[in-house]
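The values are calculated or read from the model by the stated rules, or taken from the named source; none is laboratory data. Here the structure is a predicted model, which is why all the values come from computation and not from measurement. Methodologically, a virtual Cβ is constructed for each residue, glycine included, from the backbone with ideal geometry; neighbour enumeration extends over all protein chains shown.
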């Protein structure tokens, strides 16, 4: 296949030829093929035969993704190979949905997903359970396509599960350019959080000595500045949209180098997960990515304030506000909070030791944090350039509920973030407005 592509460093990562200079090792990924193409039309059979020759294949789409891509794929592929099609009505990525797809695909060795978060994550997890292979034709520029994790709902509660990656991932820019602007803006918001996530991961490393890995940021640095500089063009320019797609793909791949999603999912994602879990009937319909963008600005403001403190704030033993959590969210949520807080809760001895460490090393820590940050004002302007949701009012979220998300989301996730830092230093109230 000789189609022109927008792959950039993705080709070297797929081929295992990318040299990471900090330790002189070659980076590689388990995904066998990634293509960001102007169009996949006319290349479909070559793409499938490259990684799934002589397999028994079922193509799975939903009613929307079939119209934008699935129908064309099935028509062109069925002319040259034995392939079946299943159109899933009203898909939802739940354990029930996973069982449904397992049943539908029982007689097939390979599943081809056509777009959509629900389709992709359900097939990712069902094939993981069944020890089958899958590939995906994307219909939006999400990072979830190249990630090995799946977000699956169990009894209404979403869990991020490390499963397995696609064998191959294909981005058809002629299709992705027709994605709803909501999805494209969501994808942009979901990658702009690099700055807040990296801050939090460094902070976690300093406070709890958790592992920290620079590889994702080294890779993202190839394209981040250009992406932000071209934010206004993404809506109308294929090359700029392909740049976003490439950055999103790298973001998803970074799990392979770190064994975690900490590099791009910290306090800002915790706030978004909190909104999705607890807003219930008052949820305004904002996407996960849009919420991440809004929360990124919230967290950026806090982080920029922290690094401008001349002296390190004093940390105190962690207090879980049990009565408030029960009153707001119920006793089962308190049980979850206690479980999630187990590895990051500070007692007096830990707080005292950390205060000595921070007092001695504050200037060095702040210098490291400042070196990787984007200023709040710059983030605000970049997000404005591509028309992202930036305020609670933009998102049609209840302000009191959003403030609760900022205050309590840290108790719902085991990752140490700046919200834990300001919470344990009794500063959180000044960031709730």
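Tell me the residue from 370, 430, 399 that is within 26 Å of residue 185 (Cα to Cα) and surrounded by fewer than 18 Cβ atoms within 10 Å (Cβ to Cβ), please. After applying the criteria, what remains is 399. Within the set 365, 326, the sole residue that is more than 24 Å from the chain's Cα centre (by Cα) and surrounded by fewer than 16 Cβ atoms within 10 Å (Cβ to Cβ) turns out to be 326. Taking the criterion of being without any contact (Cβ under 8 Å) to a residue 24 or more places away in the chain and buried (at least 24 other Cβ atoms within 10 Å of the Cβ), the only residue of the range 234-277 that qualifies is 272. Looking across the range 8-49, the residues that are assigned to a helix (DSSP H, G or I) and closer than 21 Å to residue 242 by Cβ come down to 10, 11, 12, 13, 14, 15, 44, 46, 47. Taken residue by residue, the range 68-89 has at least one member that is free of Cβ contacts under 8 Å to residues at least 24 places away in the same chain, outside any helix (DSSP H, G or I) and either farther than 19 Å from residue 141 by Cβ or not assigned by TED's automatic domain parsing to the domain that holds residue 115 (or both). The helices (runs of 4 or more DSSP H) located wholly in the range 152-224 that include 3 or more residues which are in contact (Cβ under 8 Å) with a residue 60 or more places away in the chain and within 23 Å of residue 236 (Cα to Cα) occupy 173-176, 181-192. Restricting 409, 375 to those that are crowded, with 16+ Cβ neighbours inside 10 Å, modelled with pLDDT of 95 or more and under 30 Å from residue 180 (Cα atoms) reduces the list to 409.
Looking at 47, 69, 59, 77, just one residue is at pLDDT 95 or above, crowded, with 21+ Cβ neighbours inside 10 Å and farther than 21 Å from residue 117 by Cβ, and that residue is 47. Of the residues making up the range 379-396, just one is crowded, with 22+ Cβ neighbours inside 10 Å and farther than 25 Å from residue 262 by Cα, namely 386. Residues considered: 147, 177, 163. Of these, the only one that is surrounded by fewer than 23 Cβ atoms within 10 Å (Cβ to Cβ) and closer than 30 Å to residue 342 by Cα is 163. For residue 336, the conditions (1) at pLDDT 95 or above; (2) touching a helix residue (DSSP H, G or I) at 6+ places or on another chain (Cβ under 7 Å) all hold with the exception of (1). Here residue 286 fits the description: touching a helix residue (DSSP H, G or I) at 6+ places or on another chain (Cβ under 7 Å), in the same structural domain as residue 375 (by TED's automatic domain parsing), over 25 Å from residue 360 (Cβ atoms) and in a loop (DSSP other than H, G, I, E, B).
Every residue, every condition in (1) assigned by TED's automatic domain parsing to the domain that holds residue 316; (2) more than 16 Å from the chain's Cα centre (by Cα); (3) surrounded by fewer than 22 Cβ atoms within 10 Å (Cβ to Cβ), yes or no:
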{"residue": "171", "(1), (2), (3)": "no, yes, no"}
{"residue": "183", "(1), (2), (3)": "no, no, yes"}
{"residue": "186", "(1), (2), (3)": "no, no, no"}
{"residue": "197", "(1), (2), (3)": "yes, no, no"}
{"residue": "202", "(1), (2), (3)": "yes, yes, yes"}
{"residue": "205", "(1), (2), (3)": "yes, yes, yes"}
{"residue": "216", "(1), (2), (3)": "no, no, no"}
{"residue": "221", "(1), (2), (3)": "no, yes, yes"}
{"residue": "226", "(1), (2), (3)": "no, yes, yes"}
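The set of residues from the range 138-151 being within 15 Å of the chain's Cα centre (by Cα), touching a residue at least 60 places away in the same chain (Cβ under 8 Å) and under 19 Å from residue 186 (Cα atoms) comprises 141, 142, 143, 144, 145, 146, 147, 149.
The set of residues from the range 96-117 being in a helix (DSSP H, G or I) and over 21 Å from the mean Cα position of the chain (by Cα) comprises 96, 97, 99, 100, 101, 102, 103, 104. Selection within the range 329-347: residues that are buried (at least 16 other Cβ atoms within 10 Å of the Cβ) and in contact (Cβ under 8 Å) with a residue 40 or more places away in the chain. The member of this set that is nearest to residue 403 (Cα to Cα) is 329. Cβ separations smaller than 8 Å between residues 6+ apart or across chains give the following pairs from the range 278-293 residues that are free of Cβ contacts under 8 Å to residues at least 60 places away in the same chain to residues that are part of a helix (DSSP H, G or I): 283/275; 283/276.
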